[in-house]
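The values are calculated or read from the model by the stated rules, or taken from the named source; none is laboratory data. Keep in mind it's a predicted model, so treat the numbers as computed, not measured. Cβ placement follows ideal geometry from the backbone for every residue including glycine, while neighbour counts extend to all protein chains displayed.
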There are 2 protein chains.
Amino acid sequence: MILRNIAVALALGLASAAHADPLMIESQGSFFIGGHDVKSDALSGLSAYDAAGTVTVDQMYVHYQVPVAPKGLPVTLIHGCCLTGKTWETTPDGRMGWDEFFVRAGFPTYVIDQVGRGRSAIDPTPMNEVKTGKRPPSDTPPVFSAGHEAAWAIFRFGPKYPEVYDGMQFPLQAQEEFWKQMVADWAAALPRPNPTVPALSQLAIKLGGTILISHSQSGIYPFQTAALNRQGIAAIVSIEPGGCPTGDLKPYVGIPTLVLFGDYVDLSPRWAPRLKQCRAYAEEMQKLGGKTELVVLPEIGIKGNSHMLMQDRNSLELAGWLVAWLNKHVEMKRQQ
Amino acid sequence: MILRNIAVALALGLASAAHADPLMIESQGSFFIGGHDVKSDALSGLSAYDAAGTVTVDQMYVHYQVPVAPKGLPVTLIHGCCLTGKTWETTPDGRMGWDEFFVRAGFPTYVIDQVGRGRSAIDPTPMNEVKTGKRPPSDTPPVFSAGHEAAWAIFRFGPKYPEVYDGMQFPLQAQEEFWKQMVADWAAALPRPNPTVPALSQLAIKLGGTILISHSQSGIYPFQTAALNRQGIAAIVSIEPGGCPTGDLKPYVGIPTLVLFGDYVDLSPRWAPRLKQCRAYAEEMQKLGGKTELVVLPEIGIKGNSHMLMQDRNSLELAGWLVAWLNKHVEMKRQQ
């Protein structure tokens, strides 16, 4: 506990923000963004509930906390594949999540569940139509879960399950608690672009300016959001994105952007090409005069980070580093 | 805002708890209870993710906040059908949810997502086995959503969609936001008893005493939990349960229990028999010397409440009434 408090206090640069101090919340709550009604004749196969009716789908769940006397712009935390907003909460080994850290650092903090995951609804119609023979079995939505064994390499805990990279900082002693965070992923069953993207745009506009912090599968979403509409996007932090923008990069010029990777990337056949592609994107952005920085943590002396760096043992030090980056590169002023 | 603050302050019986005052949190976070590993050959039909592997399922997501200087035992808020823990957060019309109200009233507050819903994972294996022809279409999990039209009568906004009961207090002007809270329900696809029940028991034991507050579909869960193991169950509040216990009632004697119904119950063919059955249960409990009370709100002069009474316009007054009931009937002492 003492060590944790010291780590948080050091990371935030002020003793008063230590974990043992009460968290002072000005306001908190939750709401939805987006969503639309669809009519269906296959909502249910159970006698207690009518099969015919209207449901609302494609909305995005948002939970927020605003600290007393906020010092920064709102940050929006966007989870990746096969996970939910839980990604940013208490770490598997029971340490403070980035959600609370950012609030303690003075940032109003918004945590979303991507459309079709967590508290954001899916439409059961195609499943029920398959069940009752109205559609062929192949029309079952392409829903997938990442198994522990495959996820192990994807999350770069080690080269393959159950081998561990030397010095790797994910809290493997709490591995079971991490597996419990993983959920079935409906992303491939959703309309394109993923409705999470326009919902993020609506959220950014509603907030009058937010820093979009995305991860992995959602790494590209802030860029897709900016391509839709730059309004309300104060900065982009894309952590270990599945891919960086290609094609016309002009929509991203002028938006302070950080692309952040952890360790062992070049050892991973999945991630090495993605880093290479992001390096090419960052170089291209610099030629265009974009405020874009790509940071690979071991290249600045921070070693051992997995793909789930917001849960690694040094997660709060990384969050502190990120807060410093944001304070240096982002004008903390709401657009009204 | 002023009216809201006055309502909260009156409900809590102390001016210092008004909403405009900062919320002082001693600790907050989230974790999972329960869960077990299953092996599958049908986790995915996408090339990016292996079909074979292990996933963890049947865990229950728990989010909590502990106020500074807690005065009461932990309360555990358990949502009902086709909903998630969102039930207890910000109301559709943007007022404080019971989650925050209980924290402000001094109770450590735990909000769960039932197993298989929200941030609690489902197993996609049966869907993928149907999709690939390994199982017949009829093996598709019986997943259902309640359509707006059917839900209208179930939630007793009115006798049938879109008619409204006289004086009904649900904030219909924010109806769209409520529809967005509704999710597809996997309860009928889960093992029996619902794994949420043993998870609630584990949570109660872990907390060393908690007041289980359930709603509708989950109304029976605290009783099922007590039948498993009374340890850690300090009280039961069952709001508009789908059914009350039958058979051997001895496990519930000695547990302070409140069964609470709103208004218009006798006008509803769905709910009238349930209230009648719960009245019979409460009478039987009184014969056994059980500390059981059944309250129908209009019978104590509180009128207009729908099935979603934790979101009705008078939701905070009801929460204040409930806090008073708890303080009168429950010994606020942890079992260690």
(request) Filter the stretch B:141-178 down to the residues that are aromatic (Phe, Trp, Tyr) and over 17 Å from the mean Cα position of the chain (by Cα), then identify the one that is surrounded by the most Cβ atoms within 10 Å (Cβ to Cβ). (result) B:PHE170
(request) Report the residue count in the stretch B:57-90 for those that are within 21 Å of B:ILE205 (Cβ to Cβ) and part of a strand (DSSP E or B). (result) 13
(request) Taking the residues in the stretch B:90-122 that are hydrophobic (A, V, I, L, M, F, W, C) and in contact with a Phe, Trp or Tyr (Cβ under 6 Å, 6 or more places away or on another chain) as candidates, determine which candidate is nearest to B:ILE220 (Cα to Cα). (result) B:VAL111
(message) I'd like the full set of residues that are under 30 Å from A:LYS39 (Cα atoms) and either of a type in the set (A, V, I, L, M, F, W, C) or in contact (Cβ under 8 Å) with a residue 40 or more places away in the chain (or both), limited to the stretch A:127-172.
(response) A:MET127, A:ASN128, A:GLU129, A:VAL130, A:LYS131, A:THR132, A:LYS134, A:PRO141, A:PRO142, A:VAL143, A:PHE144, A:SER145
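Those residues that are more than 30 Å from B:THR125 (Cα to Cα) and surrounded by 23 or more Cβ atoms within 10 Å (Cβ to Cβ), I need them from the stretch B:78-95; list them, please.
Selection gives B:TRP88, B:GLU89, B:THR91.
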(request) Give the residues of the stretch B:50-67 that are at the interface with chain A (Cβ under 8 Å from one of its Cβ atoms) and at negative phi, sorted by residue number. (result) B:ASP50, B:ALA52, B:THR54, B:VAL55, B:THR56, B:GLN59, B:TYR61, B:HIS63
(request) Mind listing just one residue for me: the one in the stretch B:129-140 that is of a type outside the set (Ser, Thr, Tyr) and more than 7 Å from every other protein chain (Cβ to nearest Cβ) and, of those, surrounded by the most Cβ atoms within 10 Å (Cβ to Cβ)? (result) B:GLU129
(message) Going residue by residue through the stretch A:215-223, is there one that turns out to be under 18 Å from A:VAL115 (Cβ atoms), out of contact with any Lys or Arg (no Cβ under 8 Å at 6 or more places or on another chain) and within 14 Å of another protein chain (Cβ to nearest Cβ)?
(response) yes
(message) So, in the stretch B:174-219, how many residues would count as being out of contact with any Pro (no Cβ under 6 Å at 6 or more places or on another chain) and outside any loop (DSSP other than H, G, I, E, B)?
(response) 24
(message) If B:ARG192 meets every condition in (1) in contact (Cβ under 8 Å) with a residue 24 or more places away in the chain; (2) surrounded by fewer than 17 Cβ atoms within 10 Å (Cβ to Cβ); (3) closer than 30 Å to A:GLU177 by Cβ; (4) not aromatic (Phe, Trp, Tyr) apart from one, which number is that one?
(response) (1)
(request) Please find, within the stretch B:17-45, the residue that is modelled with the lowest pLDDT out of those that are within 7 Å of another protein chain (Cβ to nearest Cβ) and part of a loop (DSSP other than H, G, I, E, B). (result) B:GLY45
(request) From the list B:PRO126, B:PRO70, B:PRO74, pick out the single residue that is more than 10 Å from every other protein chain (Cβ to nearest Cβ) and over 19 Å from the mean Cα position of the chain (by Cα). (result) B:PRO70
(request) Within the stretch B:46-53, identify whether any single residue is touching a helix residue (DSSP H, G or I) at 6+ places or on another chain (Cβ under 9 Å), modelled with pLDDT of 95 or more and of a type outside the set (A, V, I, L, M), and answer yes or no. (result) yes
(request) Of the conditions (1) under 29 Å from A:GLY147 (Cα atoms); (2) in contact (Cβ under 8 Å) with a residue 60 or more places away in the chain; (3) in contact with a Leu (Cβ under 9 Å, 6 or more places away or on another chain), B:LEU83 clears all except one; give me its number. (result) (3)
(request) Return the residue satisfying two criteria in turn: it lies in the stretch B:288-308 and is surrounded by 18 or more Cβ atoms within 10 Å (Cβ to Cβ) and within 19 Å of B:ASP248 (Cα to Cα), and of such residues it is modelled with the lowest pLDDT. (result) B:GLY290
(message) Can you confirm whether B:SER120 is touching a Lys or Arg at 6+ places or on another chain (Cβ under 9 Å), buried (at least 24 other Cβ atoms within 10 Å of the Cβ), of a type in the set (S, T, N, Q) and under 18 Å from B:CYS82 (Cβ atoms)?
(response) yes
(message) Condition first: more than 9 Å from every other protein chain (Cβ to nearest Cβ), in contact with a helix residue (DSSP H, G or I) (Cβ under 9 Å, 6 or more places away or on another chain) and not charged (D, E, K, R). Now tell me which residues in the stretch A:93-111 satisfy that.
(response) A:TRP98, A:PHE101, A:PHE102, A:ALA105, A:GLY106, A:PHE107, A:PRO108, A:THR109, A:TYR110, A:VAL111
(request) Six or more apart or on different chains, Cβ under 6 Å: which pairs go from a residue in the stretch A:106-118 that's closer than 16 Å to B:ILE122 by Cα to one that's modelled with pLDDT under 95? Could you list them? (result) none
(request) Go through the stretch A:141-164 residue by residue and tally those that are among the aromatic types (Phe, Trp, Tyr), over 30 Å from A:ALA42 (Cα atoms) and either within 12 Å of chain B (Cβ to nearest Cβ) or in contact with a Pro (Cβ under 7 Å, 6 or more places away or on another chain) (or both). (result) 2
(message) Take the residues in the stretch B:239-280 that are within 16 Å of B:SER201 (Cα to Cα) and of a type outside the set (Phe, Trp, Tyr); name whichever of them is nearest to the chain's Cα centre (by Cα).
(response) B:ILE255
